[in-house]
Amino acid sequence: MGRKIKIHKTDIEIELTDPTAIWFYESQLKDAKESGQVLRAKLTEWGTIYYTIGELNIDRAARLFYEMLKEQGKI
């Protein structure tokens, strides 16, 4: 069973199938969430995936907040 990830600022989706790659991605994602940050998957020019952790984009944060309020019936 694989894990699909989206490459940051692209329409590219990649399925991770290697158990080590899945474990590493999920551990990085957990670390990012625990620190209130976001995990971004990026590609090198050689096709290698790497991850960066950074601040959540304000537009994305506003959209997530709106969706959360909408689900709660407050909007």
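Throughout, read-outs are computed from the coordinates displayed, never taken from laboratory work. This is a predicted model, so every value here is computed, not measured. Glycine gets a Cβ as well: all are built from the backbone with ideal geometry, and neighbour counts include every protein chain shown.
Put simply, the amide H of LEU56, placed in the peptide plane, has neighbours under 5 Å in VAL38, leaving out anything fewer than 5 places away on its chain. Taking 0.36 nm per residue of sequence separation and removing the Cα-Cα distance, the ASP31/ARG60 pair yields an extension gain of 8.5 nm.
When the GluC sites (Glu not before Pro) in region 10-75 are filtered for DSSP coil states and for at most 15 other beta-carbon atoms within 10 Å of their beta-carbon, the remaining sites are GLU45, GLU55. A value for semi-axes √(5λ) of the Cα gyration tensor in Å was derived from the coordinates, and within the list (1) 17, 16, 10; (2) 26, 14, 13; (3) 21, 13, 10 it appears as (2).
For chymotrypsin sites (Phe, Trp or Tyr not before Pro), the sites in region 10-75 that DSSP calls loop and that have at most 15 other Cβ atoms within 10 Å are TRP46.
Using C-alpha pairs under 8 Å with a sequence gap of at least 6, the mean separation divided by the residue count of the chain gives a relative contact order of 20 percent. Take every DSSP beta bridge whose two residues both sit in the chain; close to 90 percent of them are antiparallel.
Under the convention that each Lys and Arg Cβ holds +1 and each Asp and Glu Cβ holds -1, the size of the dipole of the chain around its Cα centre is about 240 debye. Of all trypsin sites (Lys or Arg not before Pro) in the chain, which ones are in loop regions per DSSP and have a Cβ with at most 16 other Cβ atoms within 10 Å? Passing sites in the chain are LYS9, LYS74.
Ignoring lysines fewer than eight residues from LYS6 along the same chain, the ones with Cα atoms less than 29 angstrom from its Cα are LYS30, LYS33, LYS42, LYS70.
Simple rule: put +1 on each Lys or Arg Cβ and -1 on each Asp or Glu Cβ in the chain, find the dipole, and look at ASN57, GLY73, SER35; the Cα lying farthest toward the positive end is GLY73.
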